[in-house]
């Protein structure tokens, strides 16, 4: 007979998945508390003309890479270093004109601007170090 204190493989996987989801949701809620602005061409241009550091996140709700980026962005954008960054989330599925305007070919694209100048972009990156380096180009 099995020891009832031993977790089955299925139970272990379920607990691991639940912990990962909880962590992602916590980070996503932290990310939601950052200076998100609704993307419009006018709001974007206003931030550019003000010389602000800008992150444009081309995002899709169904994208696993976007989900992996969320806690990283939440953590980084919650630090004093990036407190002034303006974040525009562009929905890959419903904002096709904006996706095209930014020249994004896929979701999980991150683009940073320092005022009027694009300073860098990445696609599909889930490395905290390289995302932090990307964001730093805008400040």
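Which whole-number percent is the relative contact order of segment 53-139 (Cα, under 8 Å, 6+ apart)? Rounded, it is 39 percent for segment 53-139. By DSSP, the beta bridges lying fully in segment 42-139 are antiparallel in about 65 percent of cases.
Every read-out reported here was derived from the displayed coordinates using simple, explicitly stated rules and does not represent laboratory data. Only a predicted model underlies this, so the values are computations on that prediction, with no experimental measurement involved.
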